[in-house]
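Input: a single structure, listed below in structure tokens.
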Amino acid sequence: MIGGDILFLGTGDGEVIDGTARDLRNQKGIATIEEASQAALDMTHARYVNATRGKPETLPRKGFGVDFLIGGPGRNDLGIFEINTTGFRGPKAHNKYADRGANLVELPKGNWGGSFKGSAWGHINRYLDGQFESGRPIIIETLADALIEMHDLSLRGARDIGVNDRLHYGIITPSRTVRLVHPSVWEGDTQAHIEQVVNLTGLNVAEVLNGMDADECERNSAAIDLYSDIRLFTGGFYFALASELTSSSNLKREYTRLSEKSLRDESYKPRFKEIGRRRLESHARIQEGVDVLISRDPHKLRSFIMGAEDRRRETIGKLFERYASPESS
Amino acid sequence: MTNIGMIGRRSKEGHMEFITAIADSQGTDIKNGLREMLFLRCI
């Protein structure tokens, strides 16, 4: 596998995360998550040694826990590494800098597993506990299942005071890695941002977009205008997918509610069945969105957006047909 | 702080089928004006 297929996520001090991401990108030749994990540990160590004048064990504990998740192709298979760069785990004072390190996330055969990091972890854990306690299993067999659950888990995480709900999605498959960035977020690194946009759309725009930093009016203006158009395109896709994920989440909740209601009241059974059908349809549309994202085919991307637009237009049309007063002339 | 997560699915045969990742975009460094840092990167 080649570079560009490894996803790097960080939580904690933004400067350390962004600096490490930049250093990893610039270090050529990293092809596996094992290499990326070791490089991230080496880079953060050098950074902490420098910041603490040679005494990284004196890093301030309060508010300073920097953890990474690195996923992608490994030496043998796809995998996920958790990286604790400071050795700190929670508020307890006995954790030491020497405890820092990388840990391969073990996933059970024939099932799913994973890792969450950051201040939102408590919210996510409580949500997961609540799901299991109420007898609702989280089943992940397809990429659509995974994306739906990630979406729901992350919105619970957004209840944390330090977390917003501008979600970025990443998908790693044996053939390729893609990410979908919230439209209102701009990466500080222009080149990385352009690569992300080009990688997502599959459009032949790299040459024009390279003018973003050009000190020449014509090239610069063309790049900015083009980026604006592309943002409309990729933003349309983001919101089409996010909207379907929200629908799926609502349908899942309604399905669980109706499973209880219909047990006690027969009249709810047809509705229960209907919601189940709609849930499967929504699941299929999300799977289509995932496949489109992985395909990097601009025509399929456009078709997915247009499909969502058509459904929205139809729903609003029906709503107005039934409930809106005639328009005054 | 922030929120990041990765989950993966391993087949019965033992190979990883896929991984999904999620990240929010708010950093801790509000004082440095880095509220909209992007914490999900391809390297």
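The values are calculated or read from the model by the stated rules, or taken from the named source; none is laboratory data. The structure displayed is predicted, hence computed values, not measured ones. Every residue, glycine among them, receives a Cβ derived from its backbone with ideal geometry; neighbour counts consider all protein chains shown. SASA here: full protein model, heavy atoms, side chains in, ligands and nucleic acids out. Shrake-Rupley method; radii C 1.70, N 1.55, O 1.52, S 1.80 Å.
Data overview
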quantity: Total residues in segment A:155-190, condition within 7 Å of chain B (Cβ to nearest Cβ), modelled with pLDDT of 75 or more, touching a helix residue (DSSP H, G or I) at 6+ places or on another chain (Cβ under 8 Å) and over 23 Å from A:D229 (Cβ atoms); calculated: 3
quantity: Considering residues of segment B:5-31 that are more than 7 Å from chain A (Cβ to nearest Cβ) and modelled with pLDDT under 60 only, the residue nearest to the chain's Cα centre (by Cα); calculated: B:I30
quantity: Options A:E35, A:E106, A:E82; residue that is out of contact with any helix residue (DSSP H, G or I) (no Cβ under 8 Å at 6 or more places or on another chain), assigned to a loop (DSSP other than H, G, I, E, B) and without any contact (Cβ under 8 Å) to a residue 40 or more places away in the chain; calculated: A:E106
quantity: Looking only at segment A:107-146, and only at residues there that are more than 9 Å from chain B (Cβ to nearest Cβ) and acidic (D, E), the one that is least open to solvent (accessible area, probe 1.4 Å); calculated: A:D129
quantity: Unmet requirement for A:S228, which otherwise passes all of (1) touching a strand residue (DSSP E or B) at 6+ places or on another chain (Cβ under 9 Å); (2) of a type outside the set (A, V, I, L, M, F, W, C); (3) free of Cβ contacts under 8 Å to residues at least 12 places away in the same chain; calculated: (1)
quantity: A:K261 vs. criteria more than 23 Å from A:M150 (Cβ to Cβ) and not hydroxyl-bearing (S, T, Y); calculated: yes
quantity: Test: residue in segment A:62-81 that is at the interface with chain B (Cβ under 9 Å from one of its Cβ atoms), at pLDDT below 90, farther than 23 Å from A:T177 by Cα and open to solvent by 50 Å² or more (accessible area, probe 1.4 Å); calculated: yes
quantity: Filter pass, A:S243 being polar (S, T, N, Q) and surrounded by 13 or more Cβ atoms within 10 Å (Cβ to Cβ); calculated: yes
quantity: Meets criteria (in a helix (DSSP H, G or I), away from every other protein chain (no Cβ under 13 Å), touching a residue at least 40 places away in the same chain (Cβ under 8 Å) and open to solvent by less than 20 Å² (accessible area, probe 1.4 Å)) for A:T44; calculated: yes
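Each row is one residue, and each column tells you yes or no for (1) part of a helix (DSSP H, G or I); (2) closer than 30 Å to A:A206 by Cβ.
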residue: A:R219; (1), (2): yes, yes
residue: A:D225; (1), (2): yes, yes
residue: A:S243; (1), (2): yes, yes
residue: A:R253; (1), (2): yes, no
residue: A:P270; (1), (2): yes, no
residue: A:G276; (1), (2): yes, no
residue: A:D291; (1), (2): yes, yes
residue: A:S325; (1), (2): no, no
